[in-house]
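The values are calculated or read from the model by the stated rules, or taken from the named source; none is laboratory data. Since we're looking at a predicted model, the values are computed, not measured. Don't worry about glycine lacking a Cβ; one is built from the backbone with ideal geometry, like all the others, and counts go over all protein chains shown.
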Amino acid sequence: MLMNPENLRSDAGLAAALRVSLARLTRRLRRQAAHHSLTPTQFATLSAVGRHGAITPGELAEHEKVQPPSMTRVIAKLVERGVLERRPHPTDRRQVTVSLTDQGAVLLKEERLAKEAWLAQRIRELTPEERTTLRAAAPILEKLSKM
């Protein structure tokens, strides 16, 4: 179903349309996952470690906006799966850091490639004008994601 251009004239209408479209796109991308048995929360945690590098569980919980005990359980499952590893903290012996294993890095790469391949195919199906508009919108969407 196409969006009603009348609704896009107001900021509130544009916000509603973007919210719905981005939520649908996110769900579609999730379905394109490489074949693994990680939950969305586990995969988000693995991705966060991939972005931040070696990180303490507390810092990771803060980044992911979850309670530390919840993060501890997620980390335990990921360590058990062999995609994260715990190491002693380099300066504070009371803490540990978690980082990707080689297997975790491969899984992240496969996941990203599968999603990007699916999205690239959808983009190729757009008209040249639509692709130009999307290229112009990409930096704006990035800016919105960081506000």
Problem - Matching helices (runs of 4 or more DSSP H) fully within region 23-104 where at least 1 residues are among the small types (Gly, Ala, Ser) and over 28 Å from Ala117 (Cβ atoms) - result: 57-64, 68-81
Exercise for the section: Tell me, please, whether a residue that is in contact with a Lys or Arg (Cβ under 6 Å, 6 or more places away or on another chain), over 21 Å from Thr26 (Cα atoms) and either touching a residue at least 40 places away in the same chain (Cβ under 8 Å) or surrounded by 10 or more Cβ atoms within 10 Å (Cβ to Cβ) (or both) can be found in region 105-119. Expected result: no
Handout entry: Those residues of region 101-147 which are of a type in the set (Ser, Thr, Tyr), under 25 Å from Ile55 (Cβ atoms) and at pLDDT 95 or above, in sequence order
Key = Thr101
Handout entry: Any hit, region 26-38, residues being over 18 Å from the mean Cα position of the chain (by Cα) and of a type in the set (Ser, Thr, Tyr)
Key = no
Practice task
State yes or no: is Lys65 exposed (fewer than 11 other Cβ atoms within 10 Å of the Cβ) and either at pLDDT below 95 or of a type in the set (A, V, I, L, M, F, W, C) (or both)?
Solution key: yes
Practice task
Restricting attention to region 73-102, report how many residues are of a type in the set (S, T, N, Q), without any contact (Cβ under 8 Å) to a residue 24 or more places away in the chain and loosely packed, with under 15 Cβ neighbours inside 10 Å.
Solution key: 1
Exercise for the section: State all residues of region 21-42 that are hydrophobic (A, V, I, L, M, F, W, C), modelled with pLDDT of 90 or more and surrounded by 12 or more Cβ atoms within 10 Å (Cβ to Cβ); if no residue qualifies, say none. Expected result: Leu22, Leu25
Handout entry: Residues located in region 83-123, provided they are farther than 22 Å from Glu59 by Cβ and not aliphatic (A, V, I, L, M)
Key = Asp102, Gln103, Lys109, Glu110, Glu111, Arg112, Lys115, Glu116, Trp118, Gln121, Arg122
Problem - Looking only at region 63-118, and only at residues there that are over 19 Å from the mean Cα position of the chain (by Cα) and aliphatic (A, V, I, L, M), the one that is nearest to His36 (Cα to Cα) - result: Val79
Handout entry: The listed residue being under 21 Å from Asp92 (Cα atoms), small (Gly, Ala, Ser) and in contact with a Pro (Cβ under 7 Å, 6 or more places away or on another chain), out of Gly53, Gly58
Key = Gly58
Exercise for the section: Within region 54-66, identify whether any single residue is within 18 Å of Val106 (Cα to Cα) and out of contact with any helix residue (DSSP H, G or I) (no Cβ under 7 Å at 6 or more places or on another chain), and answer yes or no. Expected result: yes
